[in-house]
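Reviewing the structure listed below.
The values are calculated or read from the model by the stated rules, or taken from the named source; none is laboratory data. What you see is a predicted model; the values in this text were computed from it and never measured. Please note: Cβ atoms are built from the backbone with ideal geometry, for glycine as well, and neighbour counts cover all protein chains shown. Calculation scope for accessible area: heavy atoms of the full protein, side chains included, ligands and nucleic acids excluded. Shrake-Rupley method; radii C 1.70, N 1.55, O 1.52, S 1.80 Å.
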Amino acid sequence: THRNLLVNLRAGLLAFDAHTHDSLLGFLPPFHSFGLLSNVLLAHLAGIRCTRFADPTDVQALRRLIRDCQPSLLFTTPTMFERILSVSRPDEMSSLRRVVTGAEKCPERLFDLCHRISPETTILEGYGITECSPVISINRVNSQRRGTAGLPIDHVDIKVIDVDTERVLE
């Protein structure tokens, strides 16, 4: 719902520490809830400057846009970010402050590659379910733990249920 997206946006902004002085390069497709929330609604509703690019597979163009437009925020999948980093020089990625990844697990090698290319960049892993909400959990800036989906964002409750007994687990 519209309310779900707005509440999700507010909670996400708090979790990944975004500011109005940030800027964003948006290239995720807006027909997917993660792309709609992070690359369209975030910029418009939070007052964050955004450069948009239509082809998420053109890594050379994305590399040049990051170099030239100097975004501080990037929302992407680990695979896409790894492809961008693999064709980049350190001076081209230095503007990136936060990269929020989603849609797949972020491999350890990506954290290492990012640290080599852009040591000041923090990768945060988000987890979402399109049918529920674009983001339901994220590694928070001050409590980042690699290899986890993080803690639920505000206004999200999570239950772990035994699939055989349907009993709620501790």
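Of all accessible surface on the range 37-170 at a 1.4 Å probe, what whole percent is carbon and sulfur?
For the range 37-170, the apolar C and S fraction of the accessible surface comes to 52 percent.
Using unit Cβ charges (K, R positive; D, E negative) and no other charged atoms, how large, in debye to the nearest 20, is the dipole of the range 1-120 about its Cα centre?
Dipole about the Cα centre, nearest 20: 200 debye.
Would you please put 29-35, 91-97 in order of how densely packed they are, using the mean number of other Cβ atoms within 10 angstrom per residue and starting with the highest?
91-97, 29-35
Compute the signed sum of charges (Lys and Arg +1, Asp and Glu -1) over the other residues within less than 13 Å, Cβ to Cβ, of S88.
+2
Note the angle between two axes, namely the Cα long axis of helix 59-69 and the longest principal axis of the Cα atoms of the chain, as a number of degrees from 0 to 90, rounded to the nearest 10.
Roughly 80 degrees between the two axes.
Take L14 and D58, extend 7 Å from each Cα along the Cα→Cβ direction, and tell me the distance between the two endpoints in nm.
3.9 nm
Under the Kirkwood approximation for Rh and a Cα-based Rg, what ratio Rg/Rh is obtained for the range 1-88?
Computed over Cα atoms, the ratio is 0.96.
What is the helix-to-structure angle for 2-16, meaning the angle in degrees between its Cα long axis and the longest Cα principal axis of the chain, kept from 0 to 90 and rounded to the nearest 10?
Helix 2-16 sits roughly 60 degrees off the main axis of the chain.
Based solely on its DSSP helices, what 222 nm [θ] is calculated for the chain when runs of n ≥ 4 H residues each add -39,500 (n - 2.57) and the sum is averaged over all residues, nearest 500 deg cm²/dmol? Before the final figure, lay out the partial values.
Working: 7 runs with 58 residues, N = 170.
-9500 deg cm²/dmol, from helical runs alone.
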